[in-house]
Amino acid sequence: MSTALTTKTQFTRDQYAEGYAPGSEENYWHLARNRILEGHVRLLGAGRVLDIGCGRGIFVDYLNKRGLDCYGAELADVEVPAHLQQRIFSGVAAENLPPAFRNSVEIIVLGDVIEHLAQPVGFLRSLVQAFPGLKGFVLAVPARAELWSNYDEYYGHYRRYDLAGLRRTAEEAGLSVNGLQYMFRLLYPPARAILMAGRKRNTRMGTPGALRIAHRIAAALIVADYWLLPAGIYGTSVICRATKLPS
């Protein structure tokens, strides 16, 4: 495991408390992202999925409840919910998982992971080598350099991506890009306005509380704008679906 990955993706307790507060799985952001990521996982043909950098397992839980065979790997020693303890490897690098398990993985999800790496191309190549049965990746990253803020600095990001940058990263790692577009387009205008006004972003992932219905409606709108609008319309994140080239 590279030093960059060890130092940048292993969140502190405070960062986990802010980014994965109890109930945050019901936040519109997670609800929408889960559905969009699931769509790309299914387009790759499903099979066994490994969510690397899974945190406390929000997406792992989501996929398993929908009948997919998903596990998670998290470098930090996180507190895993009891019902996911047989599904999440915590405190271990994905490349060091048991060989029999690595051989069984067909799809790797990297949701908001590679922006933490100084050398993401090398990391992707190392995963291709470590997982011989791999079909492909689903990558999601923060988008647009003009949205760089205190949020990126707080969570240890190296960069925000555009479409060309994420495509280049995937192709330099020896992958074939099958899908690439912005998501969370509805969030781009307010995010840009906040920064232009000189204000800081909130680093805490909110919990819906009594506003669950509002969060579900917001998530549905975000998912709809993802699937219906052109790929190049700016959003606050980029998603890429890529397959491994024949060796």
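Computed values, structure above
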{"read-out": "Histogram of C-alpha separations across the chain, 5 Å bin width, %", "value": "1, 6, 14, 19, 22, 19, 12, 5, 2, 0, 0"}
{"read-out": "Check: the chain dipole with +1 on Lys, Arg Cβ and -1 on Asp, Glu Cβ, in debye", "value": "480"}
{"read-out": "Candidates Met196, Met205, Met183: whichever shows maximal mean-square fluctuation once the chain is modelled as a Gaussian network with Cα springs under 10 Å", "value": "Met196"}
{"read-out": "CD proxy at 222 nm, helix term only [per DSSP H run n ≥ 4: -39500 (n - 2.57); per residue of the chain; nearest 500]", "value": "-11000 deg cm²/dmol"}
{"read-out": "Over the chain, relative contact order from alpha-carbon pairs under 8 Å, at least 6 apart, %", "value": "25"}
{"read-out": "Hz values of 3J(HN,Hα) by residue in the range 56-63 - Karplus curve (6.51, -1.76, 1.60), Gly and Pro given as x", "value": "8, x, 4, 6, 4, 4, 4, 5"}
{"read-out": "Pairwise centroid distance, computed over Cα atoms, of the range 209-247 with the range 76-153, Å", "value": "19"}
{"read-out": "Table column - 3J(HN,Hα) (Hz), the range 26-37, Karplus curve with 6.51, -1.76, 1.60, x for Gly and Pro", "value": "8, 5, 4, 5, 5, 4, 5, 4, 4, 5, 5, 4"}
{"read-out": "Long-range amide H partners of Val113 with built H, under 5 Å", "value": "Ala140"}
{"read-out": "In order through the range 75-83: 3J(HN,Hα) via Karplus (6.51 cos²θ - 1.76 cosθ + 1.60), integer Hz, x for Gly, Pro", "value": "5, 6, 8, 8, 7, 9, x, 4, 6"}
{"read-out": "The range 3-244 - share of DSSP beta bridges that are antiparallel (%, nearest 5)", "value": "50"}
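No lab work stands behind these numbers, since they all come straight from the coordinates. Quick caveat, the model's predicted, so the values are computed rather than measured. Please note: Cβ atoms are built from the backbone with ideal geometry, for glycine as well, and neighbour counts cover all protein chains shown.
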